[in-house]
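For reference, the structure discussed in these notes is given below.
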Amino acid sequence: MDHFVYREGRLHAEEVPIDTIAERVATPVYVYSSATLERHFRVFDAALAPLDRLTCFAVKANANRSVLATLARLGAGADVVSGGELGRALAAGIAPERIVFSGVGKTRAEMAQAMEAGIFQFNVESTAELVALDAVARAFGSPAPVALRINPDVESGTHEKIATGRRDTKFGIPWDEAMAAFALARRLPGIAVQGVDVHIGSQLTRLEPFATAFTRVAGLVHELRAAGHAIRTLDLGGGLGIPYDREGEEPPSPAEYGAMVHRLAEPLDCLLITEPGRLIAGNAGVLLSRVVHVKEAAGRRFIILDAGMNDLLRPALYGARHEIVPVVEPVADAPRTPADVVGPVCETADRFARDVPLPPLEAGDLVVLRSAGAYGASMASTYNGRDLVPEVLVRGREMAVVRERRDWRHFLSFEPPAPWLDLDKNAPEGSQ
């Protein structure tokens with residue numbers, strides 16, 4: 001469920017007409033619904049009640065400070081994968097004791113930043129990282145709270161580029177090395193082992209891979225406790241998928257996921273940590289764009305938008321599909337003609353959809369790409385010298401620009417010329 005609906009023939013974000021946002025902010029622009037963010041968090045968190053739990057939003061899905069602050073007010077923690085994400089989570093009001101730090105490449109500077117902040121847990125992904133964190137923590141004079149991420153070697157059935165639970169990926173400690181890694185951790189004075197972490201991938205649309213991985217990890221918890229390890233946290237990661245288009249596979253509901261987790265995790269008596277990202281933010285956002293041209297060529301119809309792959313990378317990177325709908329509601333019997341929906345970036349990969357049936361569209365018409373609230377703005381770039389896309393958050397009748405548009409002048413100001421090039425005299429007005 002989301003809060004982007006047609007009212008009197010115009011698409012609205014909650015109670016704000018989408019075309020009003022286009023008039024005020026211009027396009028392309030991301031638009032988020034506070035009501036959808038809040039509802040999705042509450043539904044997911046409630047599905048795990050009454051388990052002792054910490055629901056940590058995966059900041060990589062959407063790192064906007066206002067989005068994070070909206071979730072923080074509901075009690076959300078944060079799953080971060082960099083020092084920058086940690087800083088953003090703290091700036092949004094998420095308490096450090098509700099933050100877990102994941103990721104395979106934490107630098108010592110990032111480890112020190114997290115130790116100084118006093119985060120709840122490091123999810124350590126290798127013995128090399130474990131040794132480095134031990135050194136950093138000893139310099140601080142206090143042990144680092146750690147869960148070891150174990151790779152369960154489970155086929156998740158998701159896209160190859162977002163599958164993380166197979167033994168041939170970079171993620172986690174191999175299953176057959178888990179006991180040795182925990183034994184090493186116990187010998188390191190700067191490490192305080194408190195849990196086990198697992199994450200097998202993103203956009204999973206079946207419960208079976210989760211159940212297989214969680215069952216293996218539950219057995220590992222029993223084995224670790226028998227070996228004398230005090231395991232009190234169990235981080236199950238994220239990955240539960242969302243419906244991206246009407247023809248796609250329908251993922252399990254949070255209630256179905258929660259029932260499975262209850263069955264497997266409740267007997268372990270651990271603090272249960274989860275890291276939903278896409279599930280919370282995905283359907284809470286759309287990318288609003290305007291048609292620049294309609295082009296007929298070689299028997300194909302191209303709808304060329306002012307949004308490009310630099311604004312929404314998922315279709316080019318993963319072959320992902322986003323439902324595309326006009327802002328003005330088409331009449332019920334409007335003809336639909338197959339079209340390729342593309343952007344202006346100079347790459348053949350800059351295509352949002354191929355042969356998608358669409359009602360008549362002309363230059364100047366507005367469209368939205370649905371389910372763009374996760375891994376949209378957070379992956380955006382300025383490739384081709386394009387503006388960095390802005391973001392708008394809606395709450396009821398209110399709207400606020402929560403990330404301003406940044407054009408080339410802004411970024412040029414961070415590029416001091418080499419002194420021997422004498423470029424200052426050529427600098428455009430407003431770029432210094």
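Points to keep in mind about this one:
- Conditions (1) under 25 Å from LYS295 (Cβ atoms); (2) in a strand (DSSP E or B): number failed by ALA400: (1)
- Condition check for ALA26: over 18 Å from the mean Cα position of the chain (by Cα), modelled with pLDDT of 95 or more, surrounded by fewer than 24 Cβ atoms within 10 Å (Cβ to Cβ) and closer than 23 Å to HIS199 by Cβ: no
- The set of residues in the range 7-23 being in contact with a strand residue (DSSP E or B) (Cβ under 7 Å, 6 or more places away or on another chain) and in a strand (DSSP E or B) consists of ARG10, LEU11, HIS12, ALA13, VAL16, PRO17.
- Pairs meeting the criteria (first residue in the range 29-56 and farther than 15 Å from VAL261 by Cα, second residue hydroxyl-bearing (Ser, Thr, Tyr) and at pLDDT 95 or above, beta carbons under 6 Å, at least 6 apart or on different chains) are SER34/THR70; LEU37/THR70.
- Only one of PRO252, PRO267 that is more than 26 Å from VAL5 (Cβ to Cβ) and either part of a helix (DSSP H, G or I) or modelled with pLDDT under 95 (or both): PRO267
- Looking only at residues in the range 338-353 that are charged (D, E, K, R) and part of a loop (DSSP other than H, G, I, E, B), the one that is surrounded by the fewest Cβ atoms within 10 Å (Cβ to Cβ) is GLU347.
- Filter pass, ASP306 being under 28 Å from ARG7 (Cβ atoms), surrounded by 15 or more Cβ atoms within 10 Å (Cβ to Cβ) and within 18 Å of the chain's Cα centre (by Cα): no
- Qualifying residue in the range 192-205 (condition: crowded, with 16+ Cβ neighbours inside 10 Å and either of a type in the set (Asp, Glu) or outside the structural domain of ALA47 (by TED's automatic domain parsing) (or both)): yes
- Exclusive hit being in contact with a strand residue (DSSP E or B) (Cβ under 9 Å, 6 or more places away or on another chain), modelled with pLDDT under 95 and either farther than 14 Å from ILE150 by Cβ or aliphatic (A, V, I, L, M) (or both), set GLN194, GLN203: GLN203
- Residues that are of a type in the set (Phe, Trp, Tyr) and in contact (Cβ under 8 Å) with a residue 40 or more places away in the chain within the range 79-122 comprise just one, PHE120.
- Residue in the range 47-59 that is out of contact with any Leu (no Cβ under 6 Å at 6 or more places or on another chain) and closer than 30 Å to ASP306 by Cα present: yes
- Just one of the listed residues (ARG300, ARG386) is in contact with a strand residue (DSSP E or B) (Cβ under 9 Å, 6 or more places away or on another chain) and either of a type in the set (Lys, Arg) or not assigned by TED's automatic domain parsing to the domain that holds HIS12 (or both), and it is ARG300.
- Tally, over the range 63-75, of residues that are in contact with an Asp or Glu (Cβ under 9 Å, 6 or more places away or on another chain) and touching a residue at least 40 places away in the same chain (Cβ under 8 Å): 6
- Filtered residues of the range 24-62 (kept if touching a strand residue (DSSP E or B) at 6+ places or on another chain (Cβ under 9 Å), in a helix (DSSP H, G or I) and among the acidic types (Asp, Glu)): ASP45
- Selection count, the range 217-235, where residues are over 26 Å from the mean Cα position of the chain (by Cα) and assigned to a helix (DSSP H, G or I): 9
- The set of residues from the range 29-63 being hydrophobic (A, V, I, L, M, F, W, C), closer than 16 Å to GLY376 by Cβ and more than 15 Å from the chain's Cα centre (by Cα) comprises VAL29, VAL31.
The values are calculated or read from the model by the stated rules, or taken from the named source; none is laboratory data. No experiment lies behind these values; they were computed from the predicted model shown. For neighbour counting, all protein chains shown are included, and Cβ atoms are generated from backbone atoms with ideal geometry for every residue, glycine included.
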